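Worksheet: one structure, shown below.
The values are calculated or read from the model by the stated rules, or taken from the named source; none is laboratory data. In this text, all values refer to a predicted model and were calculated from it rather than measured experimentally. Every residue, glycine as well, gets a Cβ built from its backbone with ideal geometry; the counts of neighbours run over all protein chains shown.
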Amino acid sequence: MSDAVTARRGLMLILTSPSGAGKSTLTRQLLQNETDIALSVSVTTRSRRKDEIDGVHYHFIDRPAFERMRDAGELLEWAEVHGNFYGTPRRAVEEALSAGKDVLFDIDVAGVRQLADMVREDMATVFLLPPSVTEQIARLKRRASDDDAAILKRLRTARDEIGHWADFDYILVNEDIARAFSELRAILHAERLKQRRRPKLEALIGELGRDLDKVLEAGRLPS
């Protein structure tokens, strides 16, 4: 089967979760093990953390620059989270999808809703949950990057976010990271094979039909 027949439009794999569900770990594992998908690098106005690299984890910009991008329609989606702005640059995503490349998104519920209004057919959405609040809090504390007040703020946001679980295509419960990763990878592989992402299959279907008609009309198998 030629590459021309199996060529497809790229997929936007959206991974969303409340804080402490393990989204960052799964994102890192997927990028390490799947060479045909790249992370959508968001722009943000928040300060860069010590272990973050500009242009790799985020594009760190100031608020006036963010507002210029937003007002010019250069963002597919944007949101304010905990006092900081985040957004997805439009051009890089559209170029990747048109070239048949998959893009992984690590965004919040509000961002997913905005994307769905514009590009729902390109999306597969996954909502990741922690197995319990006790484990969620333990994971947030292990980060050692937030004090108790900041963790409580994240939990208040999480309480709202989990109410939107039914809006997602897939729900994963991250009780075991290896199993959750296996399930996420299976979702990616299955979504790549969906009919709507492979428009050039129509040519193969037509060829198969015509060749079958010839055999049936001849009433005998070809030698």
| Hits in the range 150-165 - residues which are among the hydrophobic types (A, V, I, L, M, F, W, C) and touching a Phe, Trp or Tyr at 6+ places or on another chain (Cβ under 9 Å) | 162, 165
| said: Considering only residues that are assigned to a loop (DSSP other than H, G, I, E, B), of a type outside the set (Phe, Trp, Tyr) and within 18 Å of residue 107 (Cβ to Cβ), which ones fall in the range 161-208? | reply: 169, 174
| message | I'm trying to understand the selection: among the residues of the range 96-114, which are under 19 Å from residue 31 (Cβ atoms) and either aliphatic (A, V, I, L, M) or at pLDDT 90 or above (or both)? | response | 96, 97, 99, 100, 101, 102, 103, 104, 105, 107
| task | Taking the residues in the range 172-202 that are touching a strand residue (DSSP E or B) at 6+ places or on another chain (Cβ under 7 Å) and more than 18 Å from residue 120 (Cβ to Cβ) as candidates, determine which candidate is surrounded by the most Cβ atoms within 10 Å (Cβ to Cβ). | result | 174
| query | Given the residues 24, 47, 19, which is the only one that is part of a loop (DSSP other than H, G, I, E, B), surrounded by fewer than 20 Cβ atoms within 10 Å (Cβ to Cβ) and among the small types (Gly, Ala, Ser)? | reply | 47
| note | Of (1) assigned to a loop (DSSP other than H, G, I, E, B); (2) small (Gly, Ala, Ser); (3) surrounded by 10 or more Cβ atoms within 10 Å (Cβ to Cβ), residue 223 satisfies every one except (3)
